[in-house]
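To keep things clear, I will list the structure first and then write my remarks on it.
The values are calculated or read from the model by the stated rules, or taken from the named source; none is laboratory data. Quantities reported herein were computed from a predicted structural model and do not represent experimental measurements. All Cβ positions, glycine included, derive from the backbone under ideal geometry; neighbour counts span all protein chains shown. The area values use the complete protein model at the heavy-atom level, side chains included, leaving out ligands, DNA and RNA. Shrake-Rupley method; radii C 1.70, N 1.55, O 1.52, S 1.80 Å.
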Amino acid sequence: MGSTSFSPSISLSPSLSPHSSKFPNPSPNLFLRSHSSFTPLTLRSNQTRYRFKKLPSSNAPNFLVAASAKAEPLKVIISGAPASGKGTQCELITQKYGLVHIAAGDLLRAEVAAASENGKLAKEYMEKGELVPDEIVVMMVKERLLQPDSQQRGWLLDGYPRSSSQAAALEDYGIRPDVFILLDVSEDILVERVVGRRLDPLTGKIYHLKYSPPENNEIASRLTQRFDDTEEKVKLRLRTHHQNVDAVLSVYKDITVKVNGNEAKERVFAQIDAALTHVGEQRKVNSGSVAA
């Protein structure tokens with residue numbers, strides 16, 4: 001007789017329970033549904049031989065065999081202009097969903113510090129004051145996304161890719177997010193956020209003259225401003241950012257979720273949370289239980 005495989009989860013009709021007195025000490029995996037009828041089985045229980053004949057399909061009990069499939073973890077890309085609040089939202093996302101947070105800039109610095117093969121290649125360009133080629137950075141990102149923790153917990157790719165060529169390279173490696181989150185903040189608000197930023201060189205803490213002022217005059221007196229946190233330079237950076245985002249959106253337009261980033265961080269996260277919850281629910285539906 002050919003081998004018979006059993007589903008890990010089988011629901012039995014009460015009248016044909018394996019604990020019924022009609023069948024002394026049968027196997028708990030006695031019954032399974034095979035299409036519309038039963039497959040003949042020959043089993044032994046306590047040295048007694050039982051043979052169960054195939055029943056007509058019209059009389060076959062309607063057993064439910066369910067194989068629950070665990071949905072894969074979330075894969076998310078988030079993009080936002082300077083001062084869009086992307087860093088804050090990344091913290092909130094990773095806290096709730098447990099995703100591995102991967103920022104290309106941090107990854108590049110870590111690879112260089114670790115003197116990995118990719119890090120050594122990148123360092124050669126950095127020491128010359130040149131941009132690290134896309135193929136090196138894409139390889140770093142790809143290898144990090146394929147690490148066991150990223151595969152098991154899911155990942156949050158922060159601020160990358162920044163061009164259509166980088167996005168296409170990830171696609172070529174078979175890496176595609178479930179959702180592309182775009183923090184949409186008006187330029188006036190972005191400029192205000194950047195121009196008002198100040199750094200405490202003693203503690204490294206970031207303040208904002210309007211939204212997060214220093215606690216006292218002593219701290220206020222030592223605050224410094226980054227050389228590129230001026231209105232003219234931030235507008236130039238924003239122009240470059242918008243050009244890059246428009247190019248990336250051409251690759252991810254069907255999975256892009258625009259989030260109103262003009263609001264308070266709690267409301268911004270509520271929008272992101274709703275989007276990720278929706279994606280998760282859709283994936284559960286698509287990979288849910290299979291009824292036989």
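Protein chains only, probe 1.4 Å: how do Y211, Y173, Y125 rank by accessible area, largest first?
The most accessible residue leads, giving Y211, Y173, Y125.
What are the ³J(HN,Hα) couplings of region 265-277, residue after residue, when phi is run through the Karplus curve with 6.51, -1.76, 1.60 and θ = phi - 60°? Round to Hz, x for glycine and proline.
4, 5, 6, 5, 5, 4, 5, 5, 4, 5, 5, 5, 4
Suppose R0 equals 45 Å; then what is the FRET efficiency for M126 and N286 from their Cβ-Cβ distance, rounded to the nearest 0.05?
0.55
Carbon-plus-sulfur fraction of the accessible area of region 66-224, 1.4 Å probe, in percent?
50
Provide the gained length on full extension for the span T277 to R153, in nm with one decimal, where the gain is 0.36 nm per separating residue minus the Cα-Cα distance.
43.1 nm
Expressed in nm to one decimal, what extension gain is obtained for the pair K210 and S165 from 0.36 nm per residue of sequence separation less their Cα-Cα distance?
Extra length from K210 to S165 when fully extended: 12.3 nm.
Once a ≥ b ≥ c are taken as the square roots of the eigenvalues of the Cα gyration tensor of region 77-181, is the result rounded (a/c under 1.5), prolate (a/b larger than b/c) or oblate (a/b not larger than b/c)?
Note, shape of region 77-181 comes out prolate.
Report, in listed order, any pair from K75/K142; K205/K233; K75/K96 with a Cα-Cα distance greater than 19 Å.
K205/K233
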